[in-house]
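Below you'll find the structure, written out as structure tokens, and then a few comments.
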Amino acid sequence: MIQRPKGTNDIYGKEAKVWKYVETVIDQVMEKYNYNYIRTPIFESSELFHRGIGETTDIVTKETYDFVDRGDRHLSLRPEGTAGVCRSYIENKMYGDATQPVKVYYNGTMYRYERPQSGRDRELTQFGMEILGSDDPLSDAEIISAAVNLYKLLGLKEIKVNINSLGDSSSRNTYREALIEYFRPHIDEFCDDCKERFMKNPLRILDCKVDADNEILKNAPKTIDYLNEESKERFDKVKDYLDIMQIDYEVNPSIVRGLDYYNHTVFEIEAKVAGFGSNNVIGAGGRYNNLVKELGGPETPCIGFASGIGRLVMALELEEVKLPIVDYVDLFLMYVNEDEKKYAVYLAQELRMAGFIVETEYTGRGLKGQFKQADRLNSKFIAILNSEDLNNGEVQVKNCTTKEEEKIQIEYLIYYLDEKLVDNESCDFDLEKLGQNLATDNCCCDDCCTQHHEGED
């Protein structure tokens, strides 16, 4: 039997419905913040990631899927989304658009060759958003607020935002020299990767997973102590805007992020969920003012954020959030003979075109088996088609909740279902209620979801 590659997953059934729901909410939130969807290639020139992400990062040195195609081109499966967005920004001359800054978001698969673990696969789906062309600290705060509001809207109750500043190029260089001087007497005590990073990019030592518990690492100089006045003022403005937005945060000087292109604001967002493990980060990002220029474009200030969908879904499951996903059918059509089957085909088509979720029998089951199938599908109503009723223009309809049955005229079936189902409609997201519900930590659904939240207390 051929099996899926290690580090990949099949997403189907109820889990797929959860994923689709999460992705739909992402689309809706991004629309409210005026981010436009962008889709970039799954594979790009390897140079894009080597130049953009950085030669000293684990993603490039250890985790990138690189290959040479039949035209002897060096290509890589994308390990993250930002570099591709910047390449597209340059190639399509988005910097010349009348509307600035350019605000985009993406949702797609990324590939990293690393040891698979819970919530971290080799093929991962990542959602991200980018603001290109704005150096305003408000852009930093907006990115963070959009991410936090999305998580809260989905039902995560306790979100922690950790922020830090790497400063501008001058501040970062000063800090780099301080790290070199600090680590120089102790570098032999670190892993081989850190020894290699020592002169190339000592900030990467702070991100080391092998030496994370090393006391020397814990006492290393902090970025925030090496910021020049301009960088300090900028960071203070970011914090001011977050305060105005009522976004709780904590300044964490240990956050440096693992990619070489970051400067100024960097941040991580944690989900404080029981059982999620010590690494409870579900989203992260930062500012990268030099990346577009390094890739051959004009000098362009940018800020971005990314979140793994798999990690997010995992957090929602551990939080036991009851998402309002559709896990039922409105009507199951039953029949016995071929003539009844043909009418079921016709009726299913008409009802589906009218907007109802309709299912029927496909495997030759008898009525007993069809009743069991309707139950498994959580069908709200059952219509039993028989030739005698059909000749009279009637159909027997059973309410699966009340167990009541009644005969109705087929021509009125659409109106009947419309009336009966209106009281049991699935609760849809209403982002117009965003502010109100975030303030009360409730979702924006009506009574059905209010009851579910009350039941969680």
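The values are calculated or read from the model by the stated rules, or taken from the named source; none is laboratory data. Given the structure is predicted, the values throughout are model-derived calculations rather than measurements. Heads up, the Cβs are rebuilt from the backbone with ideal geometry, glycines too, and the neighbour counts pull from every protein chain shown.
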Identify all residues within region 125-145 that are out of contact with any helix residue (DSSP H, G or I) (no Cβ under 6 Å at 6 or more places or on another chain) and not in a loop (DSSP other than H, G, I, E, B); write none if there are none.
-> GLN126, GLY128, MET129, SER139, GLU142, ILE143, ILE144, SER145
If you scan region 152-183, which residues turn out to be basic (Lys, Arg) and under 28 Å from ASN228 (Cβ atoms)?
-> ARG172, ARG176
Six or more apart or on different chains, Cβ under 6 Å: which pairs go from a residue in region 165-183 that's touching a residue at least 60 places away in the same chain (Cβ under 8 Å) to one that's in a helix (DSSP H, G or I)? Could you list them?
-> SER165/PHE235; LEU166/ARG172; LEU166/THR223; GLY167/SER231; ASP168/SER231; SER171/TYR226; SER171/SER231
Spot the failing condition for ASN442; the list is (1) modelled with pLDDT of 95 or more; (2) within 23 Å of ASP327 (Cα to Cα), and only one is missed.
-> (1)
Hey, any hits in region 106-118 for a residue that's free of Cβ contacts under 8 Å to residues at least 12 places away in the same chain and within 30 Å of LYS20 (Cα to Cα)?
-> yes
Could you check how many residues of region 241-274 are among the β-branched types (Val, Ile, Thr), buried (at least 18 other Cβ atoms within 10 Å of the Cβ) and under 16 Å from SER139 (Cα atoms)?
-> 3
For residues in region 105-136 being among the hydrophobic types (A, V, I, L, M, F, W, C) and under 14 Å from the mean Cα position of the chain (by Cα), which is nearest to ILE11 (Cα to Cα)?
-> LEU124
